[in-house]
Amino acid sequence: MQAFVLTAGTTHYRSINRGETWQSFKTALAPSLSANTLSFHARKWDWILFTGQSCDDAGGWQGRVCHDEVSRGWTSACGTRAAVCPSAW
């Protein structure tokens, strides 16, 4: 069984032993605030879709404009295609 802790930044945590130990991993973006941040494949437990939030400064009083971006990652095959890939896995 896996457990995930997502932070407001780009460093997050994963446990595969019911929280006894945790491994950190990084994502390109901070987690989305408006979507399912993590989605899992029904049969392949190591396939994960991560939804992050990308924001641009709109300038002045307008604040920031944000949108969601989805990236896919494979926890067991961390290579150039992996969007969610901790070095400890």
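The values are calculated or read from the model by the stated rules, or taken from the named source; none is laboratory data. The structure displayed is predicted, hence computed values, not measured ones. Backbone-built Cβ (ideal geometry, glycine too); neighbour counts: all protein chains shown.
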Scanning the range 14-34 residue by residue, those exposed (fewer than 13 other Cβ atoms within 10 Å of the Cβ) and not charged (D, E, K, R) turn out to be ASN17, GLY19, THR21, ALA28, LEU33, SER34
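Per-residue answers, yes or no, for (1) assigned to a loop (DSSP other than H, G, I, E, B); (2) at pLDDT 85 or above:
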site: MET1; (1), (2): yes, no
site: GLY19; (1), (2): yes, yes
site: ALA35; (1), (2): yes, no
site: ARG72; (1), (2): no, no
site: GLY79; (1), (2): yes, no
Restricting the range 39-51 to residues that are hydrophobic (A, V, I, L, M, F, W, C) and either at pLDDT 90 or above or part of a loop (DSSP other than H, G, I, E, B) (or both), which is nearest to THR7 (Cα to Cα)? TRP45
Going by the structure shown, is ALA83 within 13 Å of the chain's Cα centre (by Cα), at pLDDT 85 or above and either buried (at least 16 other Cβ atoms within 10 Å of the Cβ) or in a loop (DSSP other than H, G, I, E, B) (or both)? no
